[in-house]
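The values are calculated or read from the model by the stated rules, or taken from the named source; none is laboratory data. Since the structure is predicted, the reported quantities are computational estimates derived from the model, not experimental observations. Reconstructed Cβ throughout: ideal geometry from the backbone, glycine too, with neighbour counts over all protein chains shown. Heads up: the accessible areas ignore ligands, DNA and RNA and are worked out on the full protein's heavy atoms, side chains in. Shrake-Rupley method; radii C 1.70, N 1.55, O 1.52, S 1.80 Å.
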Amino acid sequence: MSLLNTGATIAKPVIQGLHSNRIAIVSNGVALESQQWGSEHAPEIDPFAAEKISVVKGAAGVRYGVGAMAGAIILEPAPLRAEAGVSGWLTLGGFSNGRGGIASGAADWHLPGKSLTFRIQGTAKRSGNLRAPDYFMGNTGASELNFSAMAGWKTARWNHEAGASRFDQRIGILRSAHIGNLTDLQRAIDSPTPLNNTHAFTYDLLRPYQDVQHNMLKYKTVLRISEKWKATGQYSFQFNQRREYDVVRRTGAAASKAQVAFRLWSNTMDAALEHFPIRHWQGGVGVQAVQQTNFVSRGGFIPDYQSVGGGIWAMERWRRFPSPWELEIGARYDVRQTSATTDGNLYDLDTLVRFGNLSGTVGLLYHADPNWTFSVHTGQAWRPPHVNELFARGVHHGAGTYEQGNPALLPEKAWNTNLTARFERNRWSAMLTLYRNAIRDFIYLNPGLNTVLTVRGAFPAYYYQQAQHAVLRGADANFAFPLPVGFSAEGGVSLLRGHRVTEAISNETQHDWLPLMPADRFQYGLKWTFKNKEQGTRNEDRKAGGPDSSDRSSSTVPRSSFYLRMSATTALRQSRIPEEGLLKAPPAGFTVLNFDAACTFRFNRSEDRLDIGLTIQNLTNLRYREYLNFFRYYADEPGMNVGLRAKIIF
């Protein structure tokens with residue numbers, strides 16, 4: 001997995017070259033519904049609320065619908081406390097670059113003599129202007145304040161869970177990325193350092209900036225029908241509000257208003273009937289209904305729309321011990337209907353679009369021995385074009401681009417195949433995945449060579465286009481193995497080739513590279529670990545936020561442990577770009593060094609512990625630019641960043 005960046009403060013996950021509407025992000029069992037179509041719209045997720053983060057592909061992905069074309073990123077909170085009492089954790093951190101700080105914590109309370117348990121959790125972040133190796137980057141500060149609460153209660157056959165969360169973030173946008181005219185835009189692109197830049201540190205967040213709030217409510221119930229069957233129902237409500245503020249020359253009340261504002265209401269209902277192993281088969285069926293209303297109160301970058309949809313899915317997994325084979329299959333059918341309207345902010349529009357299709361996957365796993373596992377997954381997925389891809393027209397303020405949609409776009413249809421070999425034994429591990437994703441009617445944002453002058457200024461122009469056929473193929477690998485005296489080596493590699501096939505007016509087939517594909521990337525490093533003598537037996541951590549909370553067996557543990565890690569990331573120059581070229585050539589390759597150290601101390605009560613860590617990113621203060629950063633036209637990546645962190649679990 002890689003990242004698509006807009007400056008140094010906004011990042012989105014990329015799975016095998018795909019991002020945004022092609023990845024489902026599921027937090028606490030709820031698929032995030034926000035303005036995720038924007039390349040500079042970072043997910044409204046607090047990672048500190050999650051105990052485990054994983055990527056799901058294959059048959060399990062059919063639960064998450066058309067948004068999981070490339071896979072699903074699952075963020076799971078720690079289980080609520082199962083025993084009477086109070087527990088929790090507190091994390092504090094500070095960072096030199098941006099002079100930032102973070103505080104996050106959670107507390108669980110299980111009522112004595114009751115099945116009722118509660119959790120509250122919150123995170124606060126603040127940072128100022130980030131610094132590249134040679135200069136501060138003006139208006140790159142950020143602030144964030146998040147809160148979540150959960151409650152759970154049980155009866156003999158019922159299990160209930162309710163949750164609520166609020167995500168509140170303000171992010172500064174690099175001031176140098178908003179240019180007044182075409183001549184200055186070209187000068188900014190050609191300049192090795194940002195023009196019109198405030199070369200000073202400040203915590204002030206000035207225009208341009210983004211102001212985002214995301215609210216979520218959830219209720220889930222599980223009925224244990226019998227020893228073999230259970231039924232699950234869930235309802236979630238989400239309200240997302242995004243406001244983007246550009247640089248303005250006006251004064252008075254008008255100067256305080258946002259230039260673009262979106263409000264999105266989402267209601268989702270899920271129901272599933274699942275069974276535990278019956279004659280070696282385990283799985284279930286489910287249905288989902290989604291309703292959305294999007295209102296663009298200012299700016300008119302995309303039209304207002306209302307969307308309704310539904311899906312039905314089924315998945316099964318077969319495993320018969322001691323057979324080394326496993327089989328999993330999944331299928332899903334989805335329909336989507338969207339009504340889009342606008343009254344002149346962009347152009348007059350009143351249209352209704354409907355899409356529906358089938359997706360499915362099959363996977364085969366072979367456990368060659370206790371150490372080796374081989375698997376193959378293949379299947380079909382689809383995705384309807386989003387409203388922004390169809391009808392966007394105007395300045396995308398956060399990205400610093402002019403974008404234009406294409407109403408003639410058709411749904412994407414993909415056939416994806418993954419081959420994986422995995423080895424694990426003691427401290428040895430290795431994994432290799434080869435993949436090929438053939439996508440018909442592939443939708444992409446083409447940067448081209450054009451610029452556009454608007455009343456807001458001059459911006460690079462991007463147009464949504466559709467290739468008749470696109471193929472993304474590549475390899476992901478990682479490894480770790482022990483060395484003498486407590487050392488170990490670890491590394492990883494990610495390679496991707498993405499090309500498109502189109503038919504020219506002369507009916508000749510043309511092949512070209514896809515834009516905005518990740519460059520080849522290599523990670524490698526050494527780690528040294530020390531553990532002192534053991535302190536007897538204990539029960540594994542049983543509390544929210546603690547490690548190994550799912551393993552409650554008795555074991556021995558070290559009183560303290562310590563590790564040092566030196567690692568490097570090498571990214572090659574992206575030479576596979578469209579023939580028409582780009583406004584600015586891809587940046588040179590680079591190698592960035594990083595350092596990480598951490599120590600864990602356990603108290604007399606073995607469940608309690610203190611973790612202390614030190615990280616140094618960009619250890620040599622290297623000046624470089626990332627190909628997948630939209631602001632690479634204007635500024636370098638951040639320089640050295642020293643971070644200190646501490647976490648206490650009680």
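Would you work out the relative contact order for the range 174-286, in percent, from Cα pairs under 8 angstrom that are 6 or more residues apart?
22 percent
Taking θ = phi - 60°, what integer Hz values does the Karplus form 6.51 cos²θ - 1.76 cosθ + 1.60 yield along the range 95-101, in sequence order, with x for Gly and Pro?
Result, ordered by residue: 9, 6, 7, x, 6, x, x Hz.
Would you kindly compute the Cα radius of gyration of the range 438-514 and its largest Cα-Cα separation (Dmax), both in Å?
Gyration radius and largest Cα-Cα distance of the range 438-514: 20.9, 66 Å.
Report the dimensions of the range 188-300 along its three principal axes from the alpha-carbon atoms, largest first, rounded to Å.
The Cα atoms of the range 188-300 stretch 69, 36, 25 Å along the principal axes, largest first.
Could you rank the peptides 163-170, 451-458 by their average count of other C-beta atoms within 10 Å per residue, with the highest value first?
Peptide ranking by packing, descending: 163-170, 451-458.
Leaving ligands, DNA and RNA out of it, rank Y64, Y203 by accessible area with a 1.4 Å probe, largest first.
The residues order as Y203, Y64, largest area first.
Over the chain, what is the relative contact order in whole percent, taking alpha-carbon pairs under 8 Å and six or more residues apart?
11 percent
Rounded to the nearest whole Å³, what is the per residue volume of the convex hull around the Cα atoms of the range 22-111?
133 Å³
How many nm is it between the label spots at S575 and S191, if each spot is 7 Å from the Cα in line with the beta carbon?
The modelled label-to-label distance comes out at 3.2 nm.
Normalise the Debye intensity by I(0) for the range 557-650, one equal point scatterer per Cα, no solvent, then take log10 at q = 0.15, 0.19 Å⁻¹ and round to two decimals.
Taking Cα atoms of the range 557-650 as identical point scatterers yields -0.72, -0.90.
Can you compute the FRET efficiency between A231 and W325 using 1/(1 + (r/R0)^6), with r the Cβ-Cβ distance and R0 = 35 Å? Round to the nearest 0.05.
So the FRET efficiency works out to roughly 0.70.
As a test question: what accessible area, to the nearest 10 Å², does E76 have when a 1.4 Å probe is rolled over all protein chains in place?
Taking all protein chains as shown, E76 has close to 70 Å².
Just read off the accessible area of I329 with the full protein assembly in place, 1.4 Å probe, to the nearest 10 Å².
Its heavy atoms expose roughly 70 Å² to the probe.
Taking the Cα centre of the chain as the origin, how large is its charge dipole in debye, to the nearest 20, when only Lys and Arg (+1) and Asp and Glu (-1) carry charge on their Cβ atoms?
1420 debye
What does the C-alpha gyration tensor say about the overall shape of the range 599-650? Classify as rounded when a/c is under 1.5, otherwise prolate if a/b is larger than b/c, or oblate.
Here the range 599-650 falls in the prolate category.
Counting helices only, and only those DSSP H runs with n ≥ 4, report the 222 nm mean residue ellipticity of the chain as the sum of -39,500 (n - 2.57) divided by its residues, in deg cm²/dmol to the nearest 500.
-500 deg cm²/dmol
So how much slack lies between D134 and N604, counting 0.36 nm per residue of separation and subtracting their Cα-Cα distance, in nm?
Full-extension gain reported as 164.4 nm.
So what's the range 26-185 giving for Cα Rg divided by 2.2 N^0.38 Å, two decimals?
Rounded to two decimals, the normalised Rg is 1.33.
In nm, give the distance between the simple-model label positions of K114 and M431, each being 7 Å from the Cα along the Cα-to-Cβ direction.
Rounded to a tenth, the inter-label distance reads 4.1 nm.
At what distance in angstrom do the alpha carbon centres of the range 595-642 and the range 47-94 lie from each other?
22 Å
Report the local net charge at A149: Lys and Arg +1, Asp and Glu -1, summed over other residues whose C-beta lies under 10 Å from its C-beta.
Local net charge: +2.
Could you tell me which residue out of A289, F276, W313 lies farthest along the dipole of the range 267-411 toward its positive end? Charges go on the beta carbon: Lys and Arg +1, Asp and Glu -1, centred on the Cα centre.
Of A289, F276, W313, it is F276.
Given a 1.4 Å probe and every protein chain left where it sits, what share in percent of the accessible area of the chain is carbon and sulfur?
Carbon plus sulfur share of accessible area: 58 percent.
Using a 1.4 Å probe and ignoring any ligands, DNA or RNA, find the accessible area of D134 and quote it in Å² to the nearest 10.
Approximately 90 Å² for this residue.
Using a Förster distance of 60 Å, how high is the FRET efficiency between R249 and Q306, based on the Cβ-Cβ distance and rounded to 0.05?
Once rounded, the FRET efficiency stands at 0.95.
What are the semi-axes of the equivalent ellipsoid of the chain, taken as the square roots of 5 times the eigenvalues of the Cα gyration tensor, listed largest first and rounded to whole Å?
Ellipsoid half-lengths, sorted descending, are 38, 31, 27 Å.
Please report how far the C-alpha centroid of the range 308-345 lies from that of the range 178-202, rounded to the nearest whole angstrom.
The range 308-345 and the range 178-202 have Cα centres spaced 46 Å from each other.
Whole number in Å², please: accessible area per residue of the chain, 1.4 Å probe, ligands, DNA and RNA not counted.
45 Å²
For the charge dipole of the range 124-180, defined by +1 on Lys and Arg C-beta atoms and -1 on Asp and Glu C-beta atoms about the Cα centroid, which residue among A142, G152, G128 has the Cα displaced farthest towards the positive pole?
In the range 124-180, that residue is G152.
Taking a threshold of 24 Å on the Cα-Cα distance, which of the pairs K57/K413; K52/K647; K125/K584; K57/K154 fall above it?
Violating the 24 Å limit, Cα to Cα: K125/K584; K57/K154.
At a temperature of 10 °C and a viscosity of 1.306 mPa s, determine how fast the range 229-375 diffuses translationally according to Stokes-Einstein, using the Kirkwood radius over alpha-carbon pairs as Rh; express D in µm²/s, rounded to the nearest whole number.
81 µm²/s
Quick one: Karplus J couplings for the range 403-418, per residue in order, coefficients 6.51, -1.76, 1.60, θ = phi - 60°, nearest Hz, x for Gly and Pro?
10, 9, x, 9, x, 8, 5, 9, x, 7, 9, 10, 10, 10, 10, 10
Which whole-Hz couplings ³J(HN,Hα) result when phi for each residue of the range 12-19 is put into the Karplus expression 6.51 cos²θ - 1.76 cosθ + 1.60, θ = phi - 60°, listed in order with x for Gly and Pro?
10, x, 10, 10, 6, x, 10, 8
Return a whole-number percent for the relative contact order of the range 294-406, with Cα pairs under 8 Å and 6 or more residues apart as the contact set.
RCO, the range 294-406: 23 percent.
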